[in-house]
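What follows is a single structure, written as structure tokens, with notes after it.
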Amino acid sequence: MENYFQKEIETASREEILALQNEKIKKQVKHVYENVEYYRKLMDEKGVKPEDIQSVEDIKKLPFLTKADLREAYPYGLLGTPLNDCVRIHSTSGTTGKRVVAFYTQHDVDLWEECCARAIMAASGTSEDVVQVAYGYGLFTGGAGLHGGSHKVGSLTLPMSSGNTDRQIQFMMDLNATILCCTPSYAAYIGETLAEQGYQPKDNKLKAGIFGAEPWTEEMRQSIEKSLGIKAYDIYGLTETSGPGVAFECSEQSGMHINEDHFYAEIIDPDTGEVLPEGSKGELVFTALDKEAFPLLRYRTRDICVLTREKCSCGRTFVKMCKPMGRSDDMLIIRGVNVFPSQIETVLLNEGYSPNYQIEIDRKNNTDTLDVMVELTQEQFSDKVADTQRRERELEGAMRTMLGIGAKIHLVPPKSVVRSEGKAVRVIDKRKLH
Ligand code: DLL
């Protein structure tokens, strides 16, 4: 039997969802126009007034917001309420430029936690469960989001935060954790460490995992499911829209339902900004329909994605997004060819290698170089040089077929690729093209 947190809205008819969205967008645009000077200016420049937005169909008249706007308006320029009404901030890790700082009223926190509760229940969670939250706590939204969702479901919450893997395993085993929440790369690492400590997948009580915050492939899902003996569910979100829980996977495990009562999704052509018809591949853009403190309209996520409205066996009617297929800004262009890191991961897992790898791009004599360090497992490790070289050549062949360009493969000893307790650093681009 499918498990819902808010069945009525999660399974509402298309007409009901549309009616709700249309009602919310009118109020929201008015709220933003009246309270966010930065966005009011953008609307004025485009000649759009709040009255022009009567339904979600009209959203395409509104200007986009980008990360550059967030930087420019840092820190308070996009606040929709007095700072005094806010109860929390979260922030991105912000490797380039200023961090993104997002603000929340209590109402915003409540809605966000409900979205996460929907994700936990869609992954079979109930008040009987013990939810181990191993996403980072603090400025990152992962820990706080799933923690709040777990409370709303009424599960027993283990607020572990990320890291300290031995302690994670001790709590998981001693306190019978049934649901694990963390990044997929950390889940894979926990699985690997459990095996090293002599545990079989059946030795733990876990039944499900809720993994997101970074791209991961179907092959990686299968390998995590096997190593932990669980069903692994995807969850998506970004700091700018609250955090995790914008979209979540259900029992069908074939894409993530977007919480459409709170977020309106569009797919646009990243070059022209034109809205593309449903089913097209393009950049995902979100409009928050009822956030108070940080009410972003038409925020460009840079995530490349496809939306589908095919009927889902779980009974939910919310539109589904596929796993993000890369970003319009992290797509690598190597010797003129577009390469997504996820393609490289797919080849590695298909060829039986571990998901522990690092991609290094450089430019020598004006030619791009692509090197992939791939970690061998203990079983695969061989001290015969000829053996290793043969395998490297084989993998290079498979890589060329997938990418259309050559990559140099370096098979490296077990444990030599640095492990991550949060988001894995997969790509080192030394070309300094930006
Ligand atoms: O990563 C929020 C989150 C926390 C999501 C925990 C899921 C679980 P940011 O740090 O702002 O927020 O990063 C947002 O991460 O635009 C995507 O590119 C990527 N991302 C998030 N979830 C997924 C996912 C959190 N399931 C950025 N698959 C987004 C692929 C994801 N990429």
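The values are calculated or read from the model by the stated rules, or taken from the named source; none is laboratory data. Quick caveat, the model's predicted, so the values are computed rather than measured. Positions of Cβ are generated from backbone atoms using ideal geometry, with glycine treated the same way; all protein chains shown enter the neighbour counts.
If you go through region 371-400 and keep only what is touching an Asp or Glu at 6+ places or on another chain (Cβ under 8 Å) and farther than 19 Å from Thr217 by Cβ, you end up with Asp371, Glu394.
Here Phe263 does not qualify as of a type in the set (Phe, Trp, Tyr), within 11 Å of the ligand (Cβ to nearest atom) and crowded, with 17+ Cβ neighbours inside 10 Å.
Counted as qualifying within region 1-74 are the helices (runs of 4 or more DSSP H) with 2 or more residues that are modelled with pLDDT under 95, namely 67-72. Applying the condition of being surrounded by fewer than 24 Cβ atoms within 10 Å (Cβ to Cβ) and of a type in the set (A, V, I, L, M, F, W, C) to region 161-187 and asking which residue is farthest from the ligand (Cβ to nearest atom) yields Met173.
When the residues of region 205-222 are filtered to those that are out of contact with any strand residue (DSSP E or B) (no Cβ under 9 Å at 6 or more places or on another chain) and assigned to a loop (DSSP other than H, G, I, E, B), which remaining residue is surrounded by the most Cβ atoms within 10 Å (Cβ to Cβ)? Among residues in region 205-222 that are out of contact with any strand residue (DSSP E or B) (no Cβ under 9 Å at 6 or more places or on another chain) and assigned to a loop (DSSP other than H, G, I, E, B), the one surrounded by the most Cβ atoms within 10 Å (Cβ to Cβ) is Thr217. Restricting the first member to region 176-200 and to residues that are among the polar types (S, T, N, Q), and the second to residues that are assigned to a strand (DSSP E or B), the beta-carbon pairs closer than 7 Å and six or more apart or on different chains are Asn176/Val130; Thr178/Val130; Thr183/Phe211. Can you find a residue in region 43-51 that is in contact (Cβ under 8 Å) with a residue 60 or more places away in the chain, crowded, with 17+ Cβ neighbours inside 10 Å and of a type in the set (Val, Ile, Thr)? Scanning region 43-51 turns up no residue that is in contact (Cβ under 8 Å) with a residue 60 or more places away in the chain, crowded, with 17+ Cβ neighbours inside 10 Å and of a type in the set (Val, Ile, Thr). Tell me whether region 190-199 contains one or more residues that are under 18 Å from Lys231 (Cα atoms) and in contact with a His (Cβ under 9 Å, 6 or more places away or on another chain). Checked against the condition, which is being under 18 Å from Lys231 (Cα atoms) and in contact with a His (Cβ under 9 Å, 6 or more places away or on another chain), region 190-199 yields no hits at all. The listed residues are Leu332, Leu296, Leu370, Leu307, and the only one of them that is within 16 Å of the ligand (Cβ to nearest atom) and in contact with a Lys or Arg (Cβ under 8 Å, 6 or more places away or on another chain) turns out to be Leu307. Consider region 227-242 and keep the residues that are among the hydroxyl-bearing types (Ser, Thr, Tyr) and within 7 Å of the ligand (Cβ to nearest atom). The one that is modelled with the highest pLDDT is Tyr236. Looking across region 134-149, the residues that are near the ligand (Cβ under 8 Å from one of its atoms) and either within 22 Å of Gln170 (Cα to Cα) or modelled with pLDDT of 95 or more (or both) come down to Tyr135, Thr141, Gly142, Gly145, Leu146. Meeting the requirement of 1 or more residues that are loosely packed, with under 13 Cβ neighbours inside 10 Å and touching a residue at least 40 places away in the same chain (Cβ under 8 Å), the strands (runs of 3 or more DSSP E) wholly within region 333-406 are 337-339.
Residues that are within 21 Å of Gly142 (Cα to Cα) and in contact with a helix residue (DSSP H, G or I) (Cβ under 9 Å, 6 or more places away or on another chain) within region 192-207 comprise just one, Leu206.
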